[in-house]
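This report concerns only the one structure given below.
The values are calculated or read from the model by the stated rules, or taken from the named source; none is laboratory data. Not measured: the values here are computed from a predicted model. Cβ coordinates were reconstructed from backbone atoms using ideal geometry, including for glycine residues, and neighbour counts include every protein chain displayed. The protein model used for the area step is the full one, side chains on, heavy atoms only, and it has no ligands, DNA or RNA in it. Shrake-Rupley method; radii C 1.70, N 1.55, O 1.52, S 1.80 Å.
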Amino acid sequence: MTAPDLADAASRLRPRRSCLAVPGSNPRFLEKAQGLPADQVFLDLEDACAPLAKEDARHTIVKALNEGDWTGKTRVVRVNDWTTHWTYRDVITVVEGAGPNLDCIMLPKVQDAQQVIALDLLLTQIEKTMGFEIGRIGIEAQIENAKGLVNVDGIAGASPRLETIVFGPADFMASINMKSLVVGEQPPGYPADAYHYILMRILMAARMHDLQAIDGPYLQIRNVDGFREVAGRAAALGYDGKWVLHPGQVEAANEVFSPSQEDYDHAELILDAYDYCTSAEGGMKGSAMLGDEMIDEASRKMALVVAGKGRAAGMSRTSTFQPPEA
């Protein structure tokens with residue numbers, strides 16, 4: 001680890017229900033993205049940007065970050081991967097030009113921990129040179145091939161800057177010769193969920209290091225029902241959010257990765273009831289009844305997760321805890 005761990009732990013848990021991909025070479029899309037209700041926007045210098053457009057796109061992104069209104073959004077730039085000749089100049093141009101208005105750098109096609117460490121070191125050198133706060137800019141690591149998945153535990157622990165581990169399905173499908181051309185859908189001929197192991201493997205590595213886990217894109221952008229189904233599977237496993245490629249997917253992602261009002265209210269009631277029962281006033285008990293449900297420390301931990309997601313999503317309670325009558 002090359003940079004001091006100065007990042008506030010809360011920043012790692014900032015909302016990322018919807019992570020909107022925007023081509024860094026398209027000023028019109030960059031402007032439109034500012035008005036969409038996405039939790040995160042990442043300005044892309046990699047796949048969404050043609051090779052001949054990448055150099056100019058760096059400066060377009062710097063201008064958009066410095067002059068645009070990104071209020072309420074996590075601001076991320078996806079650079080090119082370390083196997084290309086663009087990466088170092090992507091990072092230097094964007095961070096030197098717009099570092100104070102940038103939250104994270106997304107590194108694609110990460111294959112081992114050393115690639116994350118190299119980015120951490122480069123960011124630290126830029127921050128020191130420019131007089132920026134050391135360690136404030138986070139890293140998002142994208143897993144897109146078999147080697148990256150095998151090494152994901154080391155990748156997730158490679159830097160205190162890491163905030164998320166992201167699944168990149170299209171390149172991953174190609175890297176393992178998966179028999180499908182429809183990104184996000186199940187390959188024909190396989191009766192189970194072909195992505196379950198991959199998603200769980202990434203999720204375990206992320207949670208081991210208190211990071212967020214983000215699912216990749218669903219390319220059939222007009223099929224919102226299909227998007228909801230695929231996003232629902234990731235949300236059920238415990239993922240924090242999903243990439244969106246079209247404005248029509250943003251609201252769906254925000255809804256799928258937020259708790260229902262009923263679940264949010266119930267989680268808050270559990271927290272209130274547990275605080276009460278463990279207090280002197282409540283008898284200093286380790287467990288208690290909430291209606292017909294017994295709650296204890298394990299219940300509190302589960303409720304904290306749901307309540308935290310609801311609070312991050314800006315939800316409001318519709319119920320109030322009432323201590324039981326003596």
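Examine the stretch 129-150 for a residue that is open to solvent by 10 Å² or more (accessible area, probe 1.4 Å), part of a helix (DSSP H, G or I), under 30 Å from residue 195 (Cα atoms) and in contact (Cβ under 8 Å) with a residue 40 or more places away in the chain, and state whether such a residue exists. Taking every residue of the stretch 129-150 in turn, at least one turns out to be open to solvent by 10 Å² or more (accessible area, probe 1.4 Å), part of a helix (DSSP H, G or I), under 30 Å from residue 195 (Cα atoms) and in contact (Cβ under 8 Å) with a residue 40 or more places away in the chain. Of all residues in the stretch 267-305, those satisfying the criterion of being open to solvent by 60 Å² or more (accessible area, probe 1.4 Å) and not in a helix (DSSP H, G or I) are 280, 281, 284, 285, 289, 291, 292, 293, 294.
Taking the listed residues 126, 117, the one that is under 21 Å from the mean Cα position of the chain (by Cα), surrounded by fewer than 21 Cβ atoms within 10 Å (Cβ to Cβ) and in a helix (DSSP H, G or I) is 117, with no other qualifying. So which residues in the stretch 163-179 are in contact with a helix residue (DSSP H, G or I) (Cβ under 6 Å, 6 or more places away or on another chain) and either under 17 Å from residue 196 (Cβ atoms) or assigned to a loop (DSSP other than H, G, I, E, B) (or both), if there are any at all? Matches in the stretch 163-179: 165, 167, 176. Selection of the stretch 235-249 for residues being closer than 15 Å to residue 205 by Cα and either touching a Pro at 6+ places or on another chain (Cβ under 7 Å) or surrounded by 17 or more Cβ atoms within 10 Å (Cβ to Cβ) (or both) yields 239, 240.
Consider residue 80 carefully, then state whether it is open to solvent by 10 Å² or more (accessible area, probe 1.4 Å) and either closer than 24 Å to residue 18 by Cβ or outside any helix (DSSP H, G or I) (or both). The answer is no for residue 80. Hey, can you tell me all the residues within the stretch 291-326 that are farther than 25 Å from residue 238 by Cα and hydrophobic (A, V, I, L, M, F, W, C)? The answer is 321, 326. For the stretch 15-31, the criterion of being at pLDDT below 95 and surrounded by 15 or more Cβ atoms within 10 Å (Cβ to Cβ) is met by at least one residue. Among the residues of the stretch 161-179, those identified as of a type in the set (D, E, K, R) and either open to solvent by 10 Å² or more (accessible area, probe 1.4 Å) or touching a Phe, Trp or Tyr at 6+ places or on another chain (Cβ under 9 Å) (or both) are 171, 179.
Scan the stretch 222-253 for residues that are more than 18 Å from residue 198 (Cα to Cα) and touching a Gly at 6+ places or on another chain (Cβ under 9 Å) and the total you get is 5. Looking at the stretch 126-136, can you tell me whether even one residue there is farther than 27 Å from residue 209 by Cβ and not hydroxyl-bearing (Ser, Thr, Tyr)? The answer is yes; a qualifying residue exists. Residue 308 passes every criterion in (1) outside any loop (DSSP other than H, G, I, E, B); (2) out of contact with any Phe, Trp or Tyr (no Cβ under 6 Å at 6 or more places or on another chain); (3) open to solvent by less than 50 Å² (accessible area, probe 1.4 Å); (4) without any contact (Cβ under 8 Å) to a residue 60 or more places away in the chain apart from (4). Would it be correct to say that residue 224 is of a type in the set (Val, Ile, Thr) and either in contact with an Asp or Glu (Cβ under 8 Å, 6 or more places away or on another chain) or over 22 Å from residue 75 (Cα atoms) (or both)? Judged against the criteria, residue 224 is a match. Per the listing 54, 32, the residue uniquely in the same structural domain as residue 224 (by the TED database), within 22 Å of the chain's Cα centre (by Cα), at negative phi and not hydrophobic (A, V, I, L, M, F, W, C) is 32.
Results for (1) of a type in the set (Phe, Trp, Tyr); (2) modelled with pLDDT under 95; (3) surrounded by 15 or more Cβ atoms within 10 Å (Cβ to Cβ); (4) touching a Gly at 6+ places or on another chain (Cβ under 8 Å), shown as yes or no for each residue.
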| position | (1), (2), (3), (4) |
| --- | --- |
| 181 | no, yes, no, no |
| 187 | no, yes, no, no |
| 193 | no, yes, no, no |
| 207 | no, no, no, yes |
| 214 | no, no, yes, yes |
| 220 | no, yes, yes, yes |
